[in-house]
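The structure appears below as structure tokens.
The values are calculated or read from the model by the stated rules, or taken from the named source; none is laboratory data. All values derive from a computational prediction rather than experimental measurement. Methodologically, a virtual Cβ is constructed for each residue, glycine included, from the backbone with ideal geometry; neighbour enumeration extends over all protein chains shown. Side chains included, ligands, DNA and RNA excluded: accessible areas come from the protein's heavy atoms. Shrake-Rupley method; radii C 1.70, N 1.55, O 1.52, S 1.80 Å.
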Amino acid sequence: MKGKLTVDLSDQISTIDNRIYSALIEHLGRAVYDGLYNPDHPKSDDNGFRQDVVKAVKDLNIDLIRYPGGNFVSGFNWEDSIGPKDKRPTRLDLAWRSIETNQFGLHEFMKWTSQTGTRPDMAVNLGSRGIDAARNLIEYCNFPGGTYWSDLRKKNGAKDPFKIKTWCLGNEMDGDWQIGHKTAAEYGRLAHETAKVMRLVDPDIDLVVSGSSTREMATFGSWEETVLDHTYDDVDYLSLHRYYDNEENNLHNFLAKSIDLDEFISGIVAVCDAVKARKHSNKTINLALDEWNVWYHSHKQDDETAPWQNAPHLLEDHYNFEDALMVGTMLITLLKHADRVKIACLAQLVNVIAPIMTDDQGIWLQSIFFPFMQVSKYGRGIALVPRQTSDTYDSKDFRAVPYLDSLAVFNSEEKEIVIFAENKGEQPMDFQTEIQDSQVSDIIEATQFCGYDIKQTNEDQQMSIQANNKVSLSDSKITATLQPLSWNMFRVKIAE
Ligand code: AHR
């Protein structure tokens, strides 16, 4: 098998927004309780924050943390989560049919973000609540002082405003599973009015309006159009969510689903731009893929989990090697859309469909941790148009799927080109990268993630990224072997 990537530094998609390396933390299962927060664990600090988790989150170079949900936010009273812990009410979380103690709340979250070097992306409840709760929350978080809610924040220990920049207007309001599910017109009106009052409190915020929760929704497309009709001038980003599964146990069809993601994103961009044209607007709405991942391994177990527990084991997918390849190809797809996807949140981060898992002893890293960590660390700079050739295959749902998925990122500060390449085939691939009009002086690093059974998971921590020694450089051409079913990264230095 053969594959080739031609890299031209002048053929640029866009500068990559660091916020595409973000994640969701939801009050769900053991994400917050046990995952982030466990005052009884020996690895926790005085705040109750697990330090082993903090370190792993830092290793992932996460930017924004979308919080507190997900479906949870649509039934959440944010006021329950502030003030003295012994006065906070225990509530029924109807989204996940669990018990919410509110022992980890707004102030704890803000402290945790500063400890992990992340930034908040706060969702307001537009399901069971609306304008009033949202305006009070933003006054509490962002107003300097001298008013009821801002002074209450000070009384609760935060003298300075949190200055939360990014806000989500509800979550998946198109889905009938959502508490307070609405029609596009109902939601569009509410989002418009909520955005209006939130901006009256703080004009400097960025707002994300809820788009389709999946491409399969009957309302996909028309939802976006109607919602943007109401909110085009009020918001900055439109959200989309996408999870993939391999329920049918068809590896090649599974890995080809990056094509579906590509089409999903392009379709939504087209709708945004159609509304823009119709409105004669100069403003461009960008996208927030604020939930994405593989999710299906835990469905059966979740169906059997008894309701009304504290921090139950929910959505605890144990990811295998093929899932890591899927996450890799999804990351490359995101980079291909770096011109329009400005925020993307891996869903989620700890214990719940997550790259990081905790148990009583410590943490373990899932297979999907590795490609995410590499792209998030080195995929910084300018995404270059991937001009590639490759052998192709047909799968159940897709035609002419390239075995090779590849893309280069130019980091001008480091004078470095980083190439991400996945071989979706079961044969080794002769892979060539040709850098045009620039001199490559050195290969800094060549790595591969491969050689595992596709169904192998990583509880025993056997998986790791290895050096790729089958790589050579001649005349600004990099020649390498991509192992069967492999995720690869090459970092090369450009001569001054
Ligand atoms: O991430 C898990 C759930 O998936 C979120 O709560 C919801 O927004 C989506 O359906």
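Tell me, which strands (runs of 3 or more DSSP E) wholly within segment 15-116 include 2 or more residues that are out of contact with any Leu (no Cβ under 9 Å at 6 or more places or on another chain)?
On the way: elements: 22-24, 64-67, 91-93, 98-100.
Here the list reads 91-93.
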State which residue is most open to solvent (accessible area, probe 1.4 Å) when the search covers only segment 115-150 and only residues that are of a type in the set (A, V, I, L, M, F, W, C) and within 17 Å of Gly83 (Cβ to Cβ). Trp149
Taking first residues from segment 228-244 that are touching a residue at least 12 places away in the same chain (Cβ under 8 Å) and second residues anywhere that are aromatic (Phe, Trp, Tyr) and away from the ligand (no atom under 16 Å from the Cβ), the pairs with Cβ under 8 Å that are 6 or more apart or on different chains are Tyr244/Phe254
Within segment 348-370, residues over 13 Å from the mean Cα position of the chain (by Cα) and more than 16 Å from the ligand (Cβ to nearest atom) come out as Thr358, Asp359, Asp360, Gln361, Gly362, Ile363, Trp364, Leu365, Ser367, Phe370
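Specify which of the listed residues (Ser74, Ser98) is of a type in the set (S, T, N, Q), within 14 Å of the ligand (Cβ to nearest atom), in contact (Cβ under 8 Å) with a residue 60 or more places away in the chain and more than 25 Å from Asn47 (Cα to Cα). Working first, answer last.
Details: Ser98 fails: more than 25 Å from Asn47 (Cα to Cα).
Exactly one residue qualifies, and that residue is Ser74.
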In this structure, is Ile82 modelled with pLDDT of 95 or more, open to solvent by 10 Å² or more (accessible area, probe 1.4 Å), away from the ligand (no atom under 12 Å from the Cβ) and of a type in the set (A, V, I, L, M)? yes
So, of the residues in segment 235-254 that are of a type in the set (A, V, I, L, M) and part of a strand (DSSP E or B), which turns out to be nearest to the ligand (Cβ to nearest atom)? Leu240
Output the number of the condition that Leu287 fails; it satisfies all remaining conditions of (1) more than 15 Å from the ligand (Cβ to nearest atom); (2) within 23 Å of Ser98 (Cα to Cα); (3) assigned to a strand (DSSP E or B). (2)
Checked against (1) out of contact with any strand residue (DSSP E or B) (no Cβ under 7 Å at 6 or more places or on another chain); (2) away from the ligand (no atom under 16 Å from the Cβ); (3) part of a helix (DSSP H, G or I), Ile259 satisfies every condition except (1)
One residue from Asp262, Asp317 being open to solvent by less than 10 Å² (accessible area, probe 1.4 Å) and either more than 25 Å from Cys450 (Cα to Cα) or under 19 Å from the mean Cα position of the chain (by Cα) (or both): Asp317
Between residues in segment 23-43 that are of a type in the set (Asp, Glu) and residues that are open to solvent by less than 20 Å² (accessible area, probe 1.4 Å) and within 14 Å of the ligand (Cβ to nearest atom), which pairs lie under 7 Å by C-beta distance while being six or more apart or on different chains? Glu26/Pro68; Glu26/Gly69; Glu26/Gly70; Glu26/Phe72; Glu26/Gln348; Glu26/Val352; Asp34/Asn351
Give the number of residues within segment 204-245 that are more than 30 Å from Pro144 (Cβ to Cβ) and either hydroxyl-bearing (Ser, Thr, Tyr) or buried (at least 20 other Cβ atoms within 10 Å of the Cβ) (or both). 19
Give me the residue from segment 85-95 that is open to solvent by 40 Å² or more (accessible area, probe 1.4 Å) and in contact (Cβ under 8 Å) with a residue 24 or more places away in the chain and, out of that set, nearest to the ligand (Cβ to nearest atom). Leu94
Of the residues that make up segment 132-144, is at least one among the small types (Gly, Ala, Ser), over 18 Å from Gly48 (Cα atoms) and at pLDDT 95 or above? yes
Index of the failed condition, Asp437 passing every other in (1) more than 21 Å from Ser258 (Cβ to Cβ); (2) of a type in the set (Asp, Glu); (3) under 28 Å from the mean Cα position of the chain (by Cα): (3)
Find the residue count for segment 122-171, including only residues that are basic (Lys, Arg) and either in contact with a Lys or Arg (Cβ under 8 Å, 6 or more places away or on another chain) or in a loop (DSSP other than H, G, I, E, B) (or both). 4
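Just the residues that are in contact with a strand residue (DSSP E or B) (Cβ under 6 Å, 6 or more places away or on another chain) and touching a residue at least 60 places away in the same chain (Cβ under 8 Å), please, taken from segment 293-307.
Across segment 293-307, the qualifying residues are Asn293, Val294.
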Pick out the one residue from Gly170, Gly175 that is buried (at least 17 other Cβ atoms within 10 Å of the Cβ) and out of contact with any helix residue (DSSP H, G or I) (no Cβ under 8 Å at 6 or more places or on another chain). Gly175
Looking across segment 1-52 at residues that are of a type in the set (Val, Ile, Thr) and in contact with a helix residue (DSSP H, G or I) (Cβ under 9 Å, 6 or more places away or on another chain), the single one that is surrounded by the most Cβ atoms within 10 Å (Cβ to Cβ) is Ile25
Can you tell me which residue among Met330, Met326, Met357 is within 29 Å of Ala31 (Cβ to Cβ), open to solvent by less than 10 Å² (accessible area, probe 1.4 Å) and part of a strand (DSSP E or B)? Met357
What strands (runs of 3 or more DSSP E) lie completely within segment 362-428 and have 1 or more residues being small (Gly, Ala, Ser)? 382-384, 387-390, 404-411, 416-423
Quick check on segment 408-422. Is at least one of its residues over 27 Å from the mean Cα position of the chain (by Cα) and open to solvent by 60 Å² or more (accessible area, probe 1.4 Å)? yes
